[in-house]
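Enquirer: Before I ask anything, let me first share the structure, which is written out below as structure tokens.
The values are calculated or read from the model by the stated rules, or taken from the named source; none is laboratory data. None of the values given here were measured: they were computed from a predicted structure. Heads up, the Cβs are rebuilt from the backbone with ideal geometry, glycines too, and the neighbour counts pull from every protein chain shown. What goes into the accessible areas is simple: the full protein's heavy atoms, side chains included, and nothing from ligands, DNA or RNA. Shrake-Rupley method; radii C 1.70, N 1.55, O 1.52, S 1.80 Å.
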Amino acid sequence: MLWKKMTLPPVEEVLAELESRPSGLFPHEVKERLMRFGANEIIAAKTSWRDLVKRRFRSSFLYLLLAAAGLSFFLNERIEALLILLFIAINVGLETYQEYHSERTLHLLKRFLVSHVNVRRSGESVRIESREIVPGDILLVSAGDRLAVDVRFLESTGLMLDESVMTGETIPVRKEGIPMKKPTAEMHEAKNIGFAGTVVVSGKGIGVVLATARETALGDIATLSEETHRESAFEKGITQFSRFILRMVVLTLAAIFIANVIIRGGSAGVGELLIFSLALAVSVVPEALPVIITVALSRGSLKMAQKKVVVKRLSAIEDLGSIEVLCTDKTGTITENALAVSDVKGKRKREALVLASLASFEAPEGRGTLHDPFDLALWDALTDHERKNVVATTRIDSLPFDPERRRSSILIGSQKEGYRVVVRGAFEEVLELSSGVSPKEKKAWLTWANERGKAGERVLAVAQRALVKKHVLEESLEKELTLLGFIAFLDPLKKTASATLREAERLGVAVKILTGDSREVAGVVGHAVGLVGSIEDVMTGAELEALPHETQKLIVDERHVFARVSPRQKYLIIKLLQEKYEVGFLGEGINDAPALKLANVAIVVQGAADIAREAADVVLLQRNLGAIVDGVKEGRIIYANILKYLKITLTSNFGNFYSVALASLFLPFVPLLPIQILLLNLVSDFPMIAVATDNVDHEELEKPRNYSVGSVVLMATFLGIVSSLFDFMLFAMFYKDGPQSLQTAWFLLSVVTEVVLIFSLRTKLPFFRATRPAWPLFSLSLVALGLVFLLPYTLLGQDLFRFLKPTGSLLLTVLVLAVAYFFATEMMKRFYVSHFQEGRFKRFSIR
């Protein structure tokens, strides 16, 4: 960026480099530069609704569901097909709407390029639209202005800028028009540069425009935001599953179809076999997954809303449960984001506080939006009686804070009480102006102040001088002062900060602080909450950026506190962490927008900048890190329940799929009619929906988990084989009784075993040690079983679905096999849990 090389040269060289002059540009120069550089505005690429909808059709799972809907229509199961299409439409609509709001983040940056600015052209001051400003223009700024461009200051008078939206530094910084003595690449060190989007708190300044639009530091943030696209852990996991299922179904059906034709030869009815194969394909697709996801995420969203957390993207709740690293600023989440008086040194402590409050830039009862954080802290430290005295005291004259003098002064008093000059400012300056302080006392004062500084505190000094008569307040009166005290200020830790970070650690989530504050302040906070042992463990963004890529990856993994971090460095840290972990990021400023767009889960607080809120997935209505930890727990509950459904439905579907496919090769009739397969699929999914509301074992919350195709497929394969063994036992018992008897018996056994499977696979523990199932799951399971056993006795079941009225022996056989299957499933589950971990065998892995 141009500003980095413009901090060192003197004014004359800067103006020469930009082909400008103190009197400003001429009209023809402005016109030529507008043609060359363009208007000072950030134009975001427009994305239409059509483009956003097209992106949704990149999902393999979407095609899987569309294929299932098409097959259902082909098989005259129109209700099921319409339900599938309905949930596809809902999901596509929600995802498109969410992405549309994400795309709007760039458009919101325009709000920080203000509408009008004052510039000097042809020797005259003129007011123009900010979009008309060009590099080389001479910009005039004063208190209350928001900068529309990056500028190198040429002159300054008491100029203070609030750069918090860019650097995260909460205290206004001094700006000056003199060249810097050494090069700098960090925003907070650039004392003669003003950045687009920052606000003038006090004073006046004149500067030359260095960059406009996308060439500014704000434009760099826009470019990063525009180039950043993320895929959530939830989306990646579901995509993996859908691709696997799609491949498995196609290959297996092709093999079964060909084998049937080869084995049966001319007796194979190709048309009937094709319909049977298509029905079998539909049975494998977990079409209830959109319902499960919608119910689980909606419940999670409602629970989070009760904890004052707004979830903008529903799947972000599940993604929260997957995060392994949470990056956050310290201000407002770990600390209170409000300076407080932590200590006062001196014999007249209360008087020092009262006079320091009197010396504030503006009267305490009339504070505006640009109030000084030190003034607020002093006001809060006073008693009600002291506040009344401060308000009642008449200010005769004042000298505002000057960054060069590093102090402010006021004249108070009356002819009856006498007059006093009160001086407040940097402790080194005020101490030098004080009299009656011995070298030993001076050393003690400085030692105290330096120790406070090492502790991350800021120190102001207050002194006074009695006057015999009323004077016009001048700098010459700020001498021979009586030192009253040193006042230390600290942004205190939230009371819940340490406990919250310990809870995050117990959940397996590493917390890292990324702040624009100094190494000292960041180190003190990091040490207080147990993230670092000492200030030496804190790394600055510049130090990290200077390292080789491989070393950077090691450092971001090992270190937990990073100070003086720029927007691009935050982005770099998130990107490095994402090579190994799922990352959540909590931010609030303009400077956080790129990192928010990049993070797997983007979190902001309610008062965040508009662009940050638009880029966010989750909005905290209260500045409370504990709400994020609660969100992590809720996300893991959702993850656990969705994974339960996938394990249960795939195990059941695999077992039925292989049983029906293999049986079709040997039996003289199909073990289930196509309409019976679809009914089985519909009825078994009925209680499955309630899995989304189920209770979860405590151990499921202990660490972040990601979707593992290998783990789920391996378990489904093992347990599917167990299911197929019991199916073939039933085939052996009933195939001689004819098609209707076997089809009825196997339909009943399939539904019972699928319900049994729910209560076995809902936990990794033995079923009797698990948490109790949620009442909706238990109730719907009983309803499903009741309907299924009643159906074969009805005319509808016998005429439409071709079931046989079950005999007592048939029902007894089904129940005995179901009980045996339950215990066999429990034994296989115990074997799997004992020998496998997240899809990996202790000696080898599944690829």
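Enquirer: Within region 542-585, report the trypsin sites (Lys or Arg not before Pro) that DSSP leaves as loop and that have at most 13 other Cβ atoms within 10 Å.
Expert: Working: sites: Lys553, Arg559, Arg564, Arg568, Lys570, Lys575, Lys580; in loops: Arg559, Arg564, Lys580.
In loop regions of region 542-585 (DSSP not H, G, I, E or B), the sparsely surrounded trypsin sites (Lys or Arg not before Pro) are Lys580.
Enquirer: Rounded, prolate or oblate for region 479-544? Axes are the square roots of the Cα gyration tensor eigenvalues, ordered a ≥ b ≥ c, and the cut-off for rounded is a/c under 1.5.
Expert: Numbers: a/c = 3.66, a/b = 1.83, b/c = 2.00.
It is oblate, given that a/c is not under 1.5 and a/b is not larger than b/c.
Enquirer: In nm, to one decimal, how far is the Gln306 label point from the Glu441 one, both placed 7 Å along Cα→Cβ?
Expert: 6.2
Enquirer: Compute the relative contact order of region 140-194 as a whole-number percentage, counting only Cα pairs closer than 8 Å that sit 6 or more residues apart in sequence. Could you put the intermediate results ahead of the total?
Expert: Working: 69 pairs, mean separation 20.5, N = 55.
This gives 37 percent for region 140-194.
Enquirer: Quick check: residue separation of Leu665 and Lys580 times 0.36 nm, minus the Cα distance between them. What number comes out in nm? Walk me through the numbers before you get to the answer.
Expert: Working: separation 85, 0.36 × 85 = 30.60 nm, distance 4.70 nm.
Taking 0.36 nm per residue and subtracting the Cα distance, the gain is 25.9 nm.
Enquirer: At a 1.4 Å probe radius, which order do Leu302, Leu433, Leu800 fall into by accessible area, largest first?
Expert: Details: Leu302 115, Leu433 40, Leu800 85 Å².
Sorted descending by solvent-accessible area, the residues read Leu302, Leu800, Leu433.
Enquirer: Sticking with this one: Quick check: convex hull of the Cα atoms in region 679-778, volume per residue, rounded to a whole Å³? Don't skip to the answer; put the middle values down first.
Expert: Working: hull volume 12.3 nm³, N = 100.
Output value, Cα hull per residue: 123 Å³.
Enquirer: Can you pull the accessible area of Ile221 for me, 1.4 Å probe, Å² to the nearest 10?
Expert: 0
Enquirer: In nanometres, what is the gap between the two model label sites at Leu811 and Leu251, each 7 Å from Cα along Cα-to-Cβ?
Expert: Between Leu811 and Leu251, the simple spin-label model gives 4.4 nm.
Enquirer: Once you order the gyration tensor axes a ≥ b ≥ c over the Cα atoms, which shape class does region 508-597 get: rounded for a/c under 1.5, otherwise prolate or oblate by comparing a/b with b/c?
Expert: In terms of gyration-tensor shape, rounded.
Enquirer: Right, here's the next one. Suppose every Lys and Arg Cβ carries +1 and every Asp and Glu Cβ carries -1, with no other charges. What dipole size does region 554-689 come out with about its Cα centre, to the nearest 20 debye?
Expert: Details: 13 positive and 12 negative charges, 51 e Å.
Here region 554-689 has a charge dipole of around 240 debye.
Enquirer: Compute the normalised compactness of region 359-502: alpha-carbon radius of gyration over 2.2 N^0.38 Å, N being the residue count. Intermediate results must be reported in sequence, preceding the final value.
Expert: Numbers: Rg = 17.0 Å, N = 144, 2.2 N^0.38 = 14.5 Å.
Region 359-502 yields a ratio of 1.17.
Enquirer: Can you pull out the GluC sites (Glu not before Pro) in region 401-440 whose DSSP state is coil and whose Cβ has at most 15 other Cβ atoms within 10 Å? Could the numbers behind the result be given before it?
Expert: Details: sites: Glu404, Glu417, Glu428, Glu429, Glu432; in loops: Glu404, Glu417.
Filter output for region 401-440: Glu404, Glu417.
Enquirer: Continuing with this model, one more query. Report the convex hull volume per residue for region 565-719, counting only C-alpha atoms, in Å³. Please list the in-between numbers first.
Expert: Details: hull volume 25.0 nm³, N = 155.
About 161 Å³ per residue, rounded to a whole number.
Enquirer: Moving on to the next point. For Val391 and Val126, what does the FRET efficiency come to when R0 = 45 Å and r is the distance between their Cβ atoms, rounded to the nearest 0.05? Kindly include the intermediate steps, with their values, before the conclusion.
Expert: Details: r = 42 Å, r/R0 = 0.94.
According to the calculation, E is roughly 0.60.
Enquirer: Using 0.36 nm per residue of separation minus the Cα-Cα distance, give me the extension gain between Lys182 and Leu547 in nm, one decimal.
Expert: Working: separation 365, 0.36 × 365 = 131.40 nm, distance 2.11 nm.
Residue separation times 0.36 nm, minus the Cα-Cα distance, leaves 129.3 nm.
Enquirer: Gap in Å between the Cα centre of region 744-819 and the Cα centre of region 685-743?
Expert: Cα centres, region 685-743 to region 744-819: 13 Å.
Enquirer: Lys512's amide H: which non-local residues (gap 5+, or another chain) put their own amide H closer than 5 Å, with H modeled 1.01 Å from N in plane and none for Pro or chain starts?
Expert: So Lys512 has HN proximity to Leu326, Cys327, Thr328.
Enquirer: Any chance you could look up the accessible area of Val310 with a 1.4 Å probe, heavy atoms only, rounded to 10 Å²?
Expert: Counting only protein heavy atoms, the figure is 60 Å².
Enquirer: Which FRET efficiency value, to the nearest 0.05, is calculated for Lys454 and Glu17 with the Förster distance at 41 angstrom and r the Cβ-Cβ distance? The partial results should precede the final answer.
Expert: On the way: r = 41 Å, r/R0 = 0.99.
With a Förster radius of 41 Å, E is 0.50.
Enquirer: Report the calculated FRET efficiency for Ala770 and Ala732 (r = Cβ-Cβ distance, R0 = 35 Å), to the nearest 0.05.
Expert: Values: r = 33 Å, r/R0 = 0.96.
Result of the calculation: an efficiency of 0.55.
Enquirer: In this model, which of Lys191/Lys442; Lys4/Lys440; Lys347/Lys479 are farther than 32 Å apart at the alpha-carbon?
Expert: Working: Lys191/Lys442 30 Å; Lys4/Lys440 43 Å; Lys347/Lys479 21 Å.
From the list (Lys191/Lys442; Lys4/Lys440; Lys347/Lys479), the Cα-Cα distance tops 32 Å for Lys4/Lys440.
Enquirer: To continue, here is another question. Measure up Lys349/Lys416; Lys570/Lys703; Lys570/Lys644 against 31 Å on the Cα-Cα distance and list the ones that go over.
Expert: Details: Lys349/Lys416 25 Å; Lys570/Lys703 25 Å; Lys570/Lys644 36 Å.
Exceeds cut-off: Lys570/Lys644.
Enquirer: Expressed in nm to one decimal, what extension gain is obtained for the pair Ala340 and Leu467 from 0.36 nm per residue of sequence separation less their Cα-Cα distance? Before the final figure, lay out the partial values.
Expert: Details: separation 127, 0.36 × 127 = 45.72 nm, distance 3.18 nm.
Gain in length upon complete extension: 42.5 nm.
Enquirer: Considering Cα pairs under 8 angstrom that are at least six residues apart, work out the relative contact order of region 533-668 and quote it in whole percent. Walk me through the intermediate numbers first.
Expert: Values: 139 pairs, mean separation 18.3, N = 136.
13 percent.
Enquirer: To the nearest 10 square angstrom, what accessible area does Glu579 show with a 1.4 Å probe?
Expert: 100
Enquirer: Pairwise over distinct Cα atoms, reciprocal of the mean inverse distance: report the Kirkwood radius of region 731-847 in Å, one decimal place. If you can, show how the numbers build up before the last one.
Expert: On the way: mean 1/r = 0.0612 Å⁻¹.
Averaging 1/r across every pair of different Cα atoms and inverting gives 16.4 Å.
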